[in-house]
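J.: Below are the C-alpha cells for one structure; questions will follow.
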Amino acid sequence: MSEPEITWLSPDTVQLRQPKSSHWEAPFLFLLFGRERALLIDTGATNDEQVFPLRAAVDALTEEWLRRNPAVFTRPYPLVVAHSHAHRDHIAGDPLLAGRPGTTLVGTTPAQVIAFFGFRSWPDETVDFPLGRRTVDVIGGPGHEPSAVAFFDRETGILFSGDTVLPGHLYVRDLAQYRATIERLIRFRDAPTAPVRELRGAHVEMSDTPGVIYAPGTLDQPDELPLPLPPRILDRVLSALDEFRGEPGERVVRRRFVVAAD
C-alpha cells in the first residue's frame, strides 16, 4: 500500500500527492474545507484502495479537520468531488468515494460540469461555488480536455490549474480553445477582485534544470521542480503559444514547461 504524500497548505487546505510507487503519473489532489462542505479536486490515477487508499485518507483528514472545527454541526459533513478534467489519471479514484455518506460525485462530461456548477455561458463565465465562509471560483478551461476547469480559492489565493498549466508537459488538444483559456485565466488573474498568489497544477514533470523534462513513465524524479508556479507563468505560456502550431510531435520548450501537441 502506498500512502499519499499529505501537505497542509493552510489550516483548511490539504494537498495530496499519489505516490510514484502506485502510479507513475503521481497526480496531485486538493481537499478544501469550508463551514458547510468540502471540495475534493480530482481522485487520482487508480481505483485500487490497496494501492492508493484515497477513501481512508479523505476520511482521516476530514475527521482531523472536524476535530479542530467543532462548531461545524452537519453530519455527515458534505463532500463534493469534482475534477480539473476528465482524463483517467484524475478520475480513476471516483469509485472509491461512490456511496460514501454525504458525498456528491460531479460528472465528467462538459454537460455534467456545466449543469452542476450552473454555467450559463460556458466556458467564458466564472461561477461561484460556496463552501461556507469560503468561496471557490470555477473557471471554464477547455483546450487540454473539453470539460476542463480551473478552481480559484479566494482564501489561499491559489489557482488550481489541473493539467492546463503545470511544471511539465502542457498537452494541447484544441489550440484555439486552449489559447482562449489562457487568455481567460490572465484576465481573471489581472482583475482586482482576484489576487492570485500562485498556480498549482496536477503534476510535476520538469527537472529543476531549466528546460529539462522527465519522460512519461519516469518513476524517479529526484530533482523535480517545485509544484507552485508564479502568476506570471500565464504570460509565458501565452507567449509560447505564439510559436506553437499544434502540429503532431511539435514541442515548444521553456524553462518551466513544454507546450506539446496532444
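The values are calculated or read from the model by the stated rules, or taken from the named source; none is laboratory data. Note that the coordinates shown come from a computational prediction; the quantities given were computed from them, not determined experimentally. All Cβ positions, even for glycine, are placed from backbone atoms using ideal geometry, and neighbour counts span all protein chains on display. These accessible areas exclude ligands, DNA and RNA; they are computed on the full protein's heavy atoms, side chains included. Shrake-Rupley method; radii C 1.70, N 1.55, O 1.52, S 1.80 Å.
J.: Please specify each residue of region 122-139 satisfying the condition of being farther than 24 Å from Val72 by Cα and either open to solvent by less than 10 Å² (accessible area, probe 1.4 Å) or among the aliphatic types (A, V, I, L, M) (or both).
T.: Those that are farther than 24 Å from Val72 by Cα and either open to solvent by less than 10 Å² (accessible area, probe 1.4 Å) or among the aliphatic types (A, V, I, L, M) (or both): Val127, Val138, Ile139.
J.: May I pose another question? Inside region 203-213, can you point out the residues that are open to solvent by 20 Å² or more (accessible area, probe 1.4 Å) and either more than 24 Å from Glu25 (Cβ to Cβ) or in contact (Cβ under 8 Å) with a residue 24 or more places away in the chain (or both)?
T.: Answer for region 203-213, where residues must be open to solvent by 20 Å² or more (accessible area, probe 1.4 Å) and either more than 24 Å from Glu25 (Cβ to Cβ) or in contact (Cβ under 8 Å) with a residue 24 or more places away in the chain (or both): Glu205, Pro210, Gly211, Ile213.
J.: Further question: Give the number of residues within region 116-145 that are touching a Gly at 6+ places or on another chain (Cβ under 8 Å) and not aromatic (Phe, Trp, Tyr).
T.: Of the residues in region 116-145, the ones touching a Gly at 6+ places or on another chain (Cβ under 8 Å) are 116, 119, 122-127, 130-134, 141, 144.
Subset that is not aromatic (Phe, Trp, Tyr): 123-127, 130-134, 141, 144.
Number of matching residues: 12.
J.: Is there a residue in region 68-83 that is modelled with pLDDT under 95, on the phi < 0 side of the Ramachandran plot and among the aromatic types (Phe, Trp, Tyr)?
T.: Within region 68-83, one or more residues are modelled with pLDDT under 95, on the phi < 0 side of the Ramachandran plot and among the aromatic types (Phe, Trp, Tyr).
J.: Could you check region 145-162 and list, in sequence order, the residues that are in contact (Cβ under 8 Å) with a residue 60 or more places away in the chain and either surrounded by fewer than 23 Cβ atoms within 10 Å (Cβ to Cβ) or part of a strand (DSSP E or B) (or both)?
T.: Correct list: Pro146, Val149, Ala150, Phe151, Asp153, Glu155, Thr156, Ile158, Leu159, Phe160, Ser161, Gly162.
J.: Can you pull out every residue in region 214-233 that is without any contact (Cβ under 8 Å) to a residue 60 or more places away in the chain, surrounded by 13 or more Cβ atoms within 10 Å (Cβ to Cβ) and aliphatic (A, V, I, L, M)?
T.: Residue satisfying the conditions is Leu225 alone.
J.: What number of residues within region 13-45 are under 20 Å from Arg154 (Cα atoms) and of a type in the set (Asp, Glu)?
T.: 2
J.: Take region 223-243 and flag every residue that is of a type outside the set (A, V, I, L, M) and out of contact with any Ser or Thr (no Cβ under 9 Å at 6 or more places or on another chain).
T.: Correct list: Pro226, Pro228, Pro230, Pro231, Arg232, Asp235, Arg236, Ser239, Asp242, Glu243.
J.: May I pose another question? Would it be correct to say that Pro142 is open to solvent by less than 10 Å² (accessible area, probe 1.4 Å), over 15 Å from His83 (Cα atoms), assigned to a loop (DSSP other than H, G, I, E, B) and not hydrophobic (A, V, I, L, M, F, W, C)?
T.: no
J.: Say we look at region 170-186 and pick out the residues that are open to solvent by less than 20 Å² (accessible area, probe 1.4 Å) and touching a residue at least 60 places away in the same chain (Cβ under 8 Å); which of these is nearest to Ser121 (Cα to Cα)?
T.: Per the stated criteria, the residue is Arg184.
J.: Can you list residue pairs whose Cβ atoms sit under 9 Å apart, with the first residue in region 62-77 being more than 12 Å from Gly34 (Cα to Cα) and the second being part of a loop (DSSP other than H, G, I, E, B)? Count only pairs 6 or more apart in sequence or on different chains.
T.: Qualifying pairs under 9 Å: Arg68/Pro11; Arg75/Pro101; Arg75/Gly102; Pro76/Arg100; Pro76/Pro101; Pro76/Gly102.
Residues checked against (1) more than 23 Å from His90 (Cβ to Cβ); (2) not in a loop (DSSP other than H, G, I, E, B):
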residue	(1), (2)
Thr164	no, no
Thr209	yes, no
Val237	no, yes
Glu243	yes, no
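J.: I want to confirm something. Restricting to region 1-29 and keeping residues that are outside any loop (DSSP other than H, G, I, E, B) and among the aromatic types (Phe, Trp, Tyr), which single residue is nearest to Trp65 (Cα to Cα)?
T.: In this case the residue turns out to be Trp8.
J.: For region 187-202, name all the residues that are surrounded by fewer than 17 Cβ atoms within 10 Å (Cβ to Cβ) and part of a helix (DSSP H, G or I).
T.: Within region 187-202, Arg187, Asp190 meet the criteria.
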